[in-house]
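The values are calculated or read from the model by the stated rules, or taken from the named source; none is laboratory data. All of these numbers come straight from a predicted model, not from anything done at the bench. No Cβ is skipped: glycine too gets one built from the backbone with ideal geometry, and neighbour counts run over all protein chains shown. Calculation scope for accessible area: heavy atoms of the full protein, side chains included, ligands and nucleic acids excluded. Shrake-Rupley method; radii C 1.70, N 1.55, O 1.52, S 1.80 Å.
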Amino acid sequence: MVMETKDTMDAIISLCKRRGFIFQGSEIYGGLAGVYDFGPRGVELLNNIKRLWWKANVYDKENYFGLDSGMFKHPRTWEASGHVGGFSDPLAECRTCNTRVRVDKELAAIGINADEKMSEQKLNELFDENRDKLKCPKCGEKNFSQVRSFNLLVKSNLGDFTSEGNEPVYLPGEACQGIYLNYKNIVNSMSPKVPFGVAQIGKAFRNEISPRNFLFRTREFEQADTQYFIRPHENKDAFEVIKKERWNWYVTLGIQESKLRFKQHENLVFYAKDAWDIEYEFPSGFDEIEGVHDRSDYDLTQHQTFSGIDLSYIDQETGEKYIPWILETSMGLGRVFLAVLCDAYHEDEMDGETRVVLKLKPELAPVLCAVSPLLKNKPELVAKAREVYAALKKEFGRVMWDDNSNIGKRYRRQDEIGTPFCITVDFETLEGDTKDTVTVRMRDTGQQLRIKTNDLVDFINSYEIL
Ligand code: ATP
């Protein structure tokens, strides 16, 4: 069925709420813009994505270490990273494509005498007077927000800092800083040999001017990052390997390759050697889900300068001393979650009815299998179904007991949350040649198979459950 872009996204958002994937944050108080909560189904899908990411980036690697650093960090961290100083420019955002522009620079470019030291009010006046001449550099629209002196960091407070110097502490603007702060601890405790990597999943908070597109641009989100520490100048080949690995990981999630693309950054920050985005084709078009960055020795050098601690690495065999260069991957979990949902969402016809189905890989599905008695008022069916349920639940965990409504409605509901296998205990399970077999109904095809109860675990495992 062909659907309009907006309709597809609206249908996915509605499914997310109806079936317990995603809820608006603080909904009973009218909602909090840019914050979403993962419901019972959503948290399972999210955890499955995280598990597969961790497997690929820690367990499948020989030289990567996991980390989980504290969210609060010493205030110097965000000065060293450039976040405190770097986001305080007068900004306006294009309401059409989200591009932010430096208002002073845009005005200067059309010959207006403006600079960043002017008051916000003065800049706003100049900006308003000249709006009709200012076009978004990306999409060409003349649809800007008001001017704001804008810092993306979210301020918080902690006793030690606020009482002494009234110094704010910040929630993390990006999760990866915890890796740099612990680089020396990891070298000292794990004695890794360069090249080695550190992987971390962590929350990030940004005061986005206009959160939008559901999970795509939020104010609180989670990032899954790797930092690969390499010898100086040995970046090029390793960077290509990492790019390929990250691409392949999305393919293993089941995402259609035709919906993925790499996009190289045209304007690099001064220290960067190379930078690419991995983009997914959402219903609204291609957009970034992950950044892959070749960052030289910038991050560790900055923290060495600000902390006064020597962060060089000493090669135990050769005695060579250097600050490692870093290759970074930074993935937004909310955006990948949304990409997985968009990719899995289908409307098709089955048994003469239109149905909504999430064609998620079994590894990702919130519920791996649902177990039902054919009739819930037949104690012998219920008892046998309970037995099957208990055995599968023990094995896989993500197993649901489902005796609601009739079997057709059950299938539709399970299709909507992407359950790959619906298992029904019926009268044939109880007697005759078919004793101790159950019906397994396959989500994608509607095919019904007769499988021995003792073979169920192997049958499900044959679908590569991790
Ligand atoms: P954008 O240009 O879209 O604001 P970015 O280039 O600033 O993103 P990075 O700082 O490189 O993003 O962060 C790495 C990843 O974190 C992004 O690829 C994205 O998946 C995710 N991310 C960044 N900002 C947000 C946000 N506001 N909401 C959800 N995810 C985000």
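Stokes-Einstein diffusion coefficient for segment 5-75 at 37 °C in a medium of 0.692 mPa s, Rh from the Kirkwood formula over Cα pairs: what value in µm²/s?
Answer, rounded: 219 µm²/s.
What ranking, highest mean first, results for peptides 128-141, 294-307 when packing means the other Cβ atoms within 10 Å averaged over each residue?
Ranked from most to least packed, the peptides come out as 294-307, 128-141.
Can you work out the accessible area per residue across the chain, with the rest of the protein chains kept in place, probe 1.4 Å, in square angstrom?
49
Can you give me the pair-distance distribution of segment 367-461, C-alpha pairs, 10 Å bins, whole percents?
Binned Cα distances yield the sequence 18, 55, 26, 1.
Sort 364-373, 431-440, 44-53 for me by packing, meaning the mean count of neighbouring Cβ atoms within 10 Å per residue, highest on top.
The peptides rank, most packed first, as 364-373, 44-53, 431-440.
Only four residue types carry charge here, +1 at the Cβ of Lys and Arg and -1 at the Cβ of Asp and Glu. Report the dipole size of the chain about the Cα centre in Debye, rounded to the nearest 20.
700
Using a probe of 1.4 angstrom, how much of the accessible area of segment 88-151 is carbon and sulfur, in percent?
43
Which Cys residues of the chain have no other Cys beta carbon under 4.7 Å away?
Lone cysteines by the Cβ rule: C16, C176, C342, C369, C422.
Once you have a ≥ b ≥ c as the square roots of the Cα gyration tensor eigenvalues for segment 88-151, tell me rounded if a/c is under 1.5, and otherwise prolate or oblate according to whether a/b is larger than b/c.
Oblate.
Report, for the chain, the % of DSSP beta bridges that are antiparallel, rounded to 5.
Looking only at bridges with both residues in the chain, the antiparallel portion is about 85 percent.
Amide H of G418: which non-local residues (sequence gap of 5 or more, or other chain) have their own amide H closer than 5 Å, using H built in the peptide plane?
L358
Order of 280-293, 248-261, 68-81 by packing, highest average Cβ count within 10 Å first?
Top of the packing list down: 280-293, 68-81, 248-261.
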